[in-house]
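Inspection log for the structure reproduced underneath, given as structure tokens.
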Amino acid sequence: MDPLLLSSIPSWSSVVILVSFLSYLGIIGSILPGKIVHGATLSDDTRLCYRCNGLLSLLLLVTLLGIGVSRKLISPTVVADKGLELLSATFVFSFLVSLVLYTAGHQSKDRGSSLKPHITGNLIHDWWYGIQLNPNVMGVDLKFFFVRAGIMGWLLINLSVLAKSIQVGNMHRSMILYQLLSVLYILDYFFYEEYMTSTWDIIAERLGFMLVFGDLVWIPFTFSVQGWWLLGNKVELTKAAVVANCLSFLIGYRVFRGANKQKHVFKKNPKAHIWGKPPKVIGGKLLASGYWGVARHCNYLGDLLLALSLSLPCGASSIVPYFYPLYLLILLIWRERRDEARCAQKYKEDWKEYCKLVPWRILPYIY
Ligand code: NDP
């Protein structure tokens, strides 16, 4: 059989890696302490609680893996060596999970996939009894869990790719830059994990194939394309290019984090000052100052700049490492349209007034 085809068949060892990783996250996520965050009020007027201990779980995992590697119990390149097998194992797993969710959703009273699948609460309880449990019940929220798994998986792939590049002797400036920027992005995600509780995926998306596949397969395996690509390609970066790359990352980060933070703070306290001034608010619910007064989704603009900065270390000789920013561009334009439709329906006249005041969707004067 073709060696490429052979290596893409899930092996038992890749299944063991995947199951161990997810079990670790499930168990550790429900045991380790973390800030308890009350999520946004959902469309059915309920609120869930989230335990934000992602950073602690990640640091513990990396420490345990470090010990495993130093004692020669684990190979640091295991993930990079089994890349395709792991990809197909994760794909099959995501498909099976989606199938279970589909069946459970079909039998639930809503006859659809769940907006708030809680492993110790709504998912099993709703499916079994067809009624709702106390929404404040603690447990593992599957949407929160899957996105956490995806981002951590991305870091594990990157670290293994880094180890591989050291092993094969092609660790160069571009690889170091890509690794450094992505680790900053990932650590930042977990540092501000509570902001995730007010994002579209958590408040508006139902858990089905798109979300499971997107979090478990898409995030770790496509966000790391640059690392895989740099493993086989050498890029000479000048110091000026490195500085420009870091600058675009910093600007992107400032806009991305600043916008998401402003909205999060505003939701908790609508009177909190934005950029040192009292906020401009429409209808008591919509923020129209700070980044939210520049464009209606400035956070998407920042994220796109960040995504581009993670690809720039790969130079301009191939389009392959630009897969992530290109796909993100399409995804965010599509999502912005969906979010816009949802907000127009929810906020009615207030949304119209907001659009009049802030006419730009993502990029001022362009879009
Ligand atoms: P947002 O964080 O922008 O959340 C949208 C929601 O915010 C709306 O549904 C509405 O919810 C509320 N809202 C919108 N405008 C206002 C306003 N002016 N004032 C107050 N509330 C407002 O969107 P996402 O969840 O899609 O994105 C969150 C972050 O995640 C972004 O930075 C995005 O770039 C990133 N992301 C990254 C992806 C990736 O693959 N890298 C994929 C998707 C997102 P409500 O009903 O609560 O008011």
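Each of TRP228, TRP275 has some number of other Cβ atoms within 10 Å of its Cβ, and from fewest to most they run TRP275, TRP228. Calculated translational diffusion coefficient of the chain (4 °C, 1.567 mPa s; Stokes-Einstein with Kirkwood radius over alpha-carbon pairs) equals 59 µm²/s.
Can you give me the orientation-averaged projected area of the convex hull built on the Cα atoms of the range 223-367, in nm²?
9.9 nm²
Summed over all non-identical Cα pairs, the Kirkwood treatment of the range 1-67 gives a radius of 15.0 Å. Put in order of Cβ neighbour count within 10 Å, fewest first, the listed residues TYR324, TYR50 become TYR324, TYR50.
As a rough footprinting exposure proxy, the listed residues LYS352, LYS164 were ranked by other beta carbons within 10 Å of their own, and the order from fewest upward is LYS352, LYS164.
When the chain is described by a simple charge dipole with +1 on each Lys and Arg Cβ and -1 on each Asp and Glu Cβ, the residue from SER70, ILE366, PHE221 located farthest towards its positive end is ILE366.
Panel values: the range 157-305, Kirkwood radius from alpha carbon pairs, Stokes-Einstein at 25 °C and 0.890 mPa s, translational diffusion coefficient 139 µm²/s. In summary, the convex hull built on the alpha carbon positions of the range 179-265 has an orientation-averaged projected area of 7.0 nm².
Each Lys and Arg contributes +1 and each Asp and Glu -1, all at the Cβ; summed about the Cα centre of the range 1-100, the dipole is approximately 440 debye. Could you identify which residue out of GLY276, GLY302, GLY105 has the top mean-square fluctuation in a GNM of the chain using Cα springs shorter than 10 Å? With Cα springs under 10 Å in the chain, the top fluctuation among GLY276, GLY302, GLY105 is at GLY276.
For a straight C-alpha distance cut-off of 19 angstrom, the lysines reachable from LYS267 (same-chain residues fewer than eight places away being disregarded) are LYS35, LYS277, LYS280, LYS285, LYS346, LYS348.
Since every read-out is calculated from the coordinates, none of them should be taken as a lab result. All values derive from a computational prediction rather than experimental measurement. Heads up, the Cβs are rebuilt from the backbone with ideal geometry, glycines too, and the neighbour counts pull from every protein chain shown.
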